[in-house]
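Working notes for the structure below.
The values are calculated or read from the model by the stated rules, or taken from the named source; none is laboratory data. Keep in mind it's a predicted model, so treat the numbers as computed, not measured. Cβ placement follows ideal geometry from the backbone for every residue including glycine, while neighbour counts extend to all protein chains displayed. Side chains included, ligands, DNA and RNA excluded: accessible areas come from the protein's heavy atoms. Shrake-Rupley method; radii C 1.70, N 1.55, O 1.52, S 1.80 Å.
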Amino acid sequence: MTIDTARICAVITETTTALARAAINRAATVADIIELRLDYLRDFDFADPENLRALIADKPLPTIITCRAVEEGGQQAVADQTRLRLLVEGARKFADYCDIEAVHYSEAATLAPDLQRLIVSHHNFAETPADLDQIFARITKYPAAIHKIATRANHSADALAIFR
């Protein structure tokens, strides 16, 4: 996907796989791409990437899968080795992209992710940090299709800092 026009990404944060499937289908009527937050699911077996088949094998839109670490805003603790394997293998077989936090890039790299399907991200849900240039420089050192910074804008100036 090229970033030449604005796109709407629907973030799916349902707590069951049935609710997530329904939300994916509803989102397809208004969004351009879906981000499926697997860490919200309470009835999902994270240990087997094949479980993604039931969720997204017949996805109606391009799909990003992510399973956030708790320290990056994740909703439940999933062992890093399990969650990174789920994301890397899931992107190979079912999803269009997987989003992995920059702080876990080295561990994910040992799983040989498809770099054309990899999003490397940095999150700060408390604020927009003053060192955005350094964060950007750090995460763009990692080979990936997309580099993403997500922060909380507490003031309008924070949004301007992100745009810059």
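Annotations for the structure displayed:
- Where a residue in the range 148-163 is modelled with pLDDT of 85 or more and its partner, wherever it lies, is in a strand (DSSP E or B), with Cβ under 6 Å and at least six apart: 148/119; 148/121; 149/122; 150/123; 151/124
- Qualifying residues in the range 61-78 (those that are open to solvent by 10 Å² or more (accessible area, probe 1.4 Å), of a type in the set (Val, Ile, Thr) and not in a loop (DSSP other than H, G, I, E, B)) - the one nearest to residue 11 (Cα to Cα): 64
- Members of the range 79-125 that are open to solvent by 30 Å² or more (accessible area, probe 1.4 Å), of a type in the set (Ser, Thr, Tyr) and outside any loop (DSSP other than H, G, I, E, B): 82, 106
- Subset of the range 34-60 [aliphatic (A, V, I, L, M), at pLDDT 95 or above and surrounded by fewer than 19 Cβ atoms within 10 Å (Cβ to Cβ)]: 47
- Residue match in the range 10-26 (condition: in a loop (DSSP other than H, G, I, E, B), of a type in the set (A, V, I, L, M, F, W, C) and within 17 Å of the chain's Cα centre (by Cα)): no
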